[in-house]
Amino acid sequence: MSNKKARIVSAILTIVVMGTVFILNGHIIPYPETVPGYIYKFPATIATINAICSIVLISSFIAIKNKRIGLHKRLNVSAMALSALFLVLYILAHFFIPDTKYGDIDHNGILSPEEKTAAGTLRSIYFFILGTHIFLAAVVFPMVLMTFHYGWTNQVEKHKKLARYTFPIWLYVTITGVVVYLLISPYYSFT
């Protein structure tokens, strides 16, 4: 695939994925009345995938620094596969599971002033981490696709140049994905 076609595919995938996430998070589609029980395991599974992906990304970085190109490529393919699985589970989870409000101790979907006070400063920290996580996930998505394309097609200089930016952002997104889960999970009504 040419670089031009790769950029077009990357742009289309980014629009489709970000559009889907926007529709789900904007509650444009109503939640289904029945939810398969296994769906409630998805948030923990998604966090686990993010944690594994973080380790894979760090391992890939170490591999390339040690000039283990074959291992670096295999790890990057693994990171892409994990990210694809993450994306499918994330979309399914957000399709079925209503939003959880940070600090909603009684799980009624309404954050009372008392609950907000009880959540304290950690609520602000949570929203800062969540905000940067979401913003950078949207930014890095097409970067990951193009970095992978350049590596896959042996355009080493282009791959290296873009990977300098893609790697730290992608790593931040995967790590903060775990942090966001750990911070919000006490407020899940289904755990």
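Bear in mind that the values in this text are calculations on the coordinates, not laboratory data. Note that the coordinates shown come from a computational prediction; the quantities given were computed from them, not determined experimentally. A quick note on method: Cβ atoms are made from the backbone with ideal geometry, for glycine too, and the neighbour counts reach across all protein chains shown.
Near Gly103, no amide H atom lies under 5 Å from its own; only residues 5 or more places off or on other chains count, and H is placed 1.01 Å from N. Scanning the chain for DSSP H helices at least 30 Å long along the axis (C-alpha atoms) with a Kyte-Doolittle mean no lower than 1.0 picks out 3-25, 42-65, 69-96, 121-152. Relative contact order, whole percent, for the range 126-191 stands at 43, derived from Cα pairs under 8 Å and 6 or more residues apart. For a quick check, take a GNM of the chain with Cα springs below 10 Å and name the residue from Ser54, Ser83, Ser124 with the largest mean-square fluctuation. Between Ser54, Ser83, Ser124, it is Ser124 that shows the largest mean-square fluctuation. For Lys161, the lysines whose Cα comes closer than 28 Å to its Cα, not counting residues fewer than 8 places off in the same chain, are Lys4, Lys5, Lys65, Lys67, Lys73. When its C-alpha radius of gyration is set against 2.2 N^0.38 Å (N residues), the range 80-159 gives a value of 1.58. In the chain, a dipole from Cβ-located charges (positive for Lys and Arg, negative for Asp and Glu) runs towards its positive end, and of Thr14, Tyr90, Ala163 it is Ala163 whose Cα lies farthest in that direction.
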